[in-house]
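Novice: My questions will all concern the structure given below.
The values are calculated or read from the model by the stated rules, or taken from the named source; none is laboratory data. Quick caveat: nothing in here was measured; it's all calculated off a predicted structure. Backbone-built Cβ (ideal geometry, glycine too); neighbour counts: all protein chains shown. Note: accessible area is taken over every heavy atom of the protein model, side chains too, but ligands, DNA and RNA are not part of it. Shrake-Rupley method; radii C 1.70, N 1.55, O 1.52, S 1.80 Å.
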Amino acid sequence: MKRMIFLLEEPSAEEMLKAVLPKVLPGYIHTEFKVFEGKQDLEKGLARTLKAWRTPHCAFIVIRDQDSGDCHAVKQKLIALCRQGNRDDVLVRVACRELESFYLGDLSAVEKGLGISGIARKQKAQKYRAPDRLGSPSQELARLTYGVYQKLAGSRAIAPHLHIKENTSHSFKILLAGIRKLVKTL
């Protein structure tokens, strides 16, 4: 069996992936999730987790929020940790700035998922055409949804409605492109 192992910073990323991956992965790929308790826990345990993994035919994907850090520095640090875990074949993706930018890139999914009408029409506004540039996508999403959005419940509600091609988040598109490319190596 061919497997994709996702090493994640937080449970909301797992909820998003559980809804999105069936739309992009072939049925013969089995997915597993190792969810850490925040970015520090991810960074602390990443090398150890990779060293300990013994299951064959696995591809690893690490996903972490950029938050306020430099995207390239965050990615390079994660790559270095993967190498410490004796893996130089890990796909590392950084959500610019936060996972919520994926949701802000598809406001129709937010509207459907949270049941708040009138949000989808705001997609044409400049900040939602390039949501990865927002300083705090989670705060923006909370504001836009009048405080209804909460990380875990929001991910469960919104992610099933995410459109794969129409999303305006560049980091979402890069994540999916990387996953599709990785499938070809399995």
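Novice: Hey, could you check segment 37-51 for residues that are without any contact (Cβ under 8 Å) to a residue 40 or more places away in the chain and within 14 Å of C82 (Cβ to Cβ) and say which is surrounded by the most Cβ atoms within 10 Å (Cβ to Cβ)?
Specialist: Checked segment 37-51; the qualifying residue surrounded by the most Cβ atoms within 10 Å (Cβ to Cβ) is L46.
Novice: Looking at L141, is it open to solvent by less than 40 Å² (accessible area, probe 1.4 Å), at pLDDT 95 or above, under 21 Å from L25 (Cβ atoms) and part of a helix (DSSP H, G or I)?
Specialist: Values: open to solvent by less than 40 Å² (accessible area, probe 1.4 Å): yes; at pLDDT 95 or above: yes; under 21 Å from L25 (Cβ atoms): no; part of a helix (DSSP H, G or I): yes.
No; evaluated as a whole, the condition is false for this residue.
Novice: Of all residues in segment 15-24, which are surrounded by 20 or more Cβ atoms within 10 Å (Cβ to Cβ) and either in contact with a strand residue (DSSP E or B) (Cβ under 8 Å, 6 or more places away or on another chain) or under 23 Å from L186 (Cα atoms) (or both)? Walk me through how you get there before you give the answer.
Specialist: So the first thing to find is which residues in segment 15-24 are surrounded by 20 or more Cβ atoms within 10 Å (Cβ to Cβ), and the list is 15-17, 20.
The answer is M16, L17, V20.
Novice: Output the residues belonging to segment 151-186 that are free of Cβ contacts under 8 Å to residues at least 24 places away in the same chain, surrounded by 15 or more Cβ atoms within 10 Å (Cβ to Cβ) and either polar (S, T, N, Q) or over 20 Å from A120 (Cβ atoms) (or both).
Specialist: Passing the criteria: none in range.
Novice: Does any residue of segment 108-122 turn out to be in a loop (DSSP other than H, G, I, E, B) and either in contact with a strand residue (DSSP E or B) (Cβ under 9 Å, 6 or more places away or on another chain) or open to solvent by 70 Å² or more (accessible area, probe 1.4 Å) (or both)?
Specialist: Checking segment 108-122: at least one residue is in a loop (DSSP other than H, G, I, E, B) and either in contact with a strand residue (DSSP E or B) (Cβ under 9 Å, 6 or more places away or on another chain) or open to solvent by 70 Å² or more (accessible area, probe 1.4 Å) (or both).
Novice: Let me ask you something else. Checking Q66 against (1) touching a helix residue (DSSP H, G or I) at 6+ places or on another chain (Cβ under 8 Å); (2) modelled with pLDDT under 95; (3) open to solvent by 50 Å² or more (accessible area, probe 1.4 Å): exactly one of these is not met. Which one?
Specialist: Every condition holds for Q66 apart from (3).
Novice: Report every pair of residues separated by at least 6 positions or lying on different chains whose Cβ atoms are under 9 Å apart, first residue within segment 82-102 and open to solvent by 10 Å² or more (accessible area, probe 1.4 Å), second assigned to a loop (DSSP other than H, G, I, E, B) and among the aliphatic types (A, V, I, L, M).
Specialist: R83/V90; R97/L134; E98/L134
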